[in-house]
1. So if each residue of separation counts as 0.36 nm, and I subtract the Cα-Cα distance between A:Lys306 and A:Arg11, what length gain in nm does that give?
2. Count, for each residue of B:144-156, the Cβ atoms from other chains sitting within 10 Å of its Cβ, then give me the mean as a whole number.
3. When a/c reaches 1.5 or more, the comparison of a/b and b/c decides; with that in mind, is segment A:2-436 rounded, prolate or oblate per its Cα gyration tensor?
4. Answer rounded, prolate or oblate for segment A:171-253, using the Cα gyration tensor with square roots of eigenvalues a ≥ b ≥ c: rounded when a/c is under 1.5, else prolate when a/b is larger than b/c, else oblate.
5. If one takes the longest principal axis of the Cα atoms in chain A, at what angle in degrees, from 0 to 90 and to the nearest 10, does the Cα axis of helix A:96-119 lie?
6. Rounded to two decimals, what is Rg over Rh for the protein assembly as shown when you use alpha-carbon atoms and the Kirkwood radius?
7. Quick one: what are the phi-derived ³J(HN,Hα) couplings along segment B:267-278, Karplus 6.51/-1.76/1.60 with θ = phi - 60°, whole Hz, x for glycine and proline?
8. Please count, across segment A:216-355, the pairs of lysine residues with Cα atoms under 22 Å apart that sit 8 or more places apart or on different chains.
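Every read-out reported here was derived from the displayed coordinates using simple, explicitly stated rules and does not represent laboratory data. From a predicted model like this one, the values you see are computed outputs, not experimental measurements. In this analysis, Cβ positions are derived from the backbone assuming ideal geometry, glycine residues included, and neighbour counts consider all displayed protein chains.
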Amino acid sequence: MESLKKKESARIDSELLAHVNWSRSSKIWIAFLLLVFAVCLYYYIQQIKNGLGVTGLNDFISWGIYISNFVFFVAASLIGMLISSVLGLAGVKWIKPISRIAEILAVAFALVAGLVIITDMGRPDRLHHILLFGRIQSPIVWDISVVITYVMLSLLLLYLPLIPDLNVCKDKCCGIPAFQRKIYKVLSLGWTHTPEQYQLIKKFTRILMVLIIPVALAIHTVTSWLFALTLRAGWDSPIFGPYFVSGAFVTGSAAVIIAMYFYRRNFGLKDYITEEHFDKMGKLLVLVALVYVYFNINEILVPAFKLKSGEAEHLSSMLTGHDSLMFWMVQIGGLILPFLLLLIKRMRRPLPVTIISVVILLGAWFKRYLIVVPIQQHPYLPIQNVPEEFMYYRPTLAEIAITCGSFVLVLLIVTILSKLFPVVSIWEIKEELDHEN
Amino acid sequence: MENDPDSKSSRRSFLQKLGFSGAGVLSAPLVLSSCQNNPDKGGASTLKVLTQDNHLVEIDSASIRPVADKAEREYLQKKGREGMPGKKFVMVIDLSRCKNERACMKSCQNAHQLKPEQHHINVLEMHDEANGLSYYMPKPCQHCDNPPCVSVCPVDATFKRQDGIVLVDNERCIGCRFCIAACPYSARTFNWTEPRDAEKYKDISYNMELNVPQKKGTVTKCAFSADRVRKGQLPYCVSACPNGVYYFGDANEDLVTNGTTRETVRLSSLLKDNFAYTLMPELGTKPSVYYLPPRKPGA
Ligand code: SF4
């Protein structure tokens, strides 16, 4: 905040609005994303035509990277709740410039998670059956309802604090088409910057922040129940809910750090997203990683100590067998090592902490894979009288392309949102400055 | 299922049978307008229909007319969903008699339009290390009384009927495969691609109790041959076994019949005298399939 104190209000406006336009580079980037997306879409169309047989899935390992990716996206979307709601309600000041970034990521990941689950369906043409015949007892129905609720609440939580800024956009953005200005005007709902209006916004934002906490916990808990509510050894675990939620915070914090780094560099926000923010986010990451390590120890050590008959096979293949390489790389390289590094202050500077976050994010993705896939390779009864390939799962090109497509879609949504709206809340920054002066 | 190469005369008599059987015709989507072939309309195009005893026959399309089949579909659906009142079907599998002949698997795959790698019933080679014993274990769906697949299905596409049979409605299944994940017995299989002989079965009306025709992108599994059981016959696998491995019957009557010897015995004493067990009882699924141990006690 120090560096901002000398800045005039008009300067803050122009600096924070500088990226709200359709520059050449942003157009090229969007065109590139669209192109890649089109290729991925081609593979999805193939899948619709030929059935899920284009994937590497089979009767025994019937959930693969689509489901792991779904879990990953739901996990990443939880960060909106942690940063804007939990820390926001606790009155933590430094999150002000990054809370909108967290909200943008939450919206993008949650929206695309909903689509990812559709790509896993054998009959996407029967999606409406869930409305026609939905059974309230099924965890899938719970999951769909909470994900939709979370998307809605997150959109509102993104939109509400944006209203004053939309008004500023309408007046002060340059080089945007006229209809975009009109959209700002409509969306800003006749905002006139009166104190009563600010009161209202703050009040309703607070209500939303409170509401979103249980819903966010619910989406990931219910997602974990898709596994925990089955009788499979290895999934049948009562701590799956908190285990997933704590993992989600690690994933989301890493994603936010990466986004912060790109915005800071490319949108010229050095004075707003400062080194201090990276340091703080690094510390937050240490905290959530510590909690996650704790749950990992519980989840792995407890059954490994007892080696119950059903679990023994899967555990030994994970710890020392077929999946052990990935397992140890994820646990040590993707969690313990980054955690230890982040304890060092120098490692929490923008570039190192961003690199560490990329590693954590990668590890987090493969961690979801390890939760979903290996357990299915060891059902209670032996896998017999089927082709050799059914013993293990190897994703196909189509499957990988469709999964990449979902990432491209997240990037597209994030890009478009951050080109349409200021990623740092203008009025909240100014308000904060007023307080300090 | 064999595709009977019907001669003209036998086709004729079949058509008459079909015509007389009244309500039985409901199992086909099409109803005959007359029992005679109409030469004016040209006999060039033929249609395949499934007869009541599950033979696929070709008949002249001119001799049939489509029915406003909504009511009949609803009837079929209702019948398939409700099951037979007052029954509780059970199977007993005598492991000491299984010689891994796999006649059960073959007849099952033929009846249910399954590919070689798709199993409603799968004969597994088991090794009991504690007793140094190897044996073959046929494993159909266990038709649990507390079925995990039914609890998780989001659209009620897999359900438990009053007669204990767990079925799949492949016109409703959305292909989420949650039931496959939930089943501890790996009893379910999926149509990852076009089902076997999809062309041949294209025009056949869906019979939920047989789960044929199979549909791409939906799940399928053992149905305890609900279609045969309704007609008072033993399931496909049970009657195909040459070694007397299977018993099938009604627990309410306390009677089961051996598929090979046709001998009917009291269920409770069969289970008690032979130390019957169910698979993984600790999971609380309460299977309707009982196993008699691979080696007779004291033998
Ligand atoms: S795959 Fe079909 S039957 Fe199985 S749970 Fe999903 S909708 Fe139900």
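1. So the chain would gain 99.8 nm between A:Lys306 and A:Arg11.
2. 5
3. Note, shape of segment A:2-436 comes out prolate.
4. Numbers: a/c = 4.09, a/b = 2.48, b/c = 1.65.
Prolate shape, in that a/c is at least 1.5 and a/b is the bigger ratio.
5. Approximately 40 degrees, to the nearest ten.
6. Values: Rg = 31.0 Å, Rh = 29.1 Å.
Ratio of gyration radius to Kirkwood radius for the protein assembly as shown: 1.06.
7. Rounded to whole hertz, the list is 4, 4, 6, 4, 5, 6, 5, 10, 6, 5, 9, 10.
8. Numbers: A:Lys270/A:Lys280; A:Lys270/A:Lys283; A:Lys270/A:Lys345; A:Lys280/A:Lys345; A:Lys283/A:Lys345.
Lysine pairs meeting both conditions in segment A:216-355 amount to 5.
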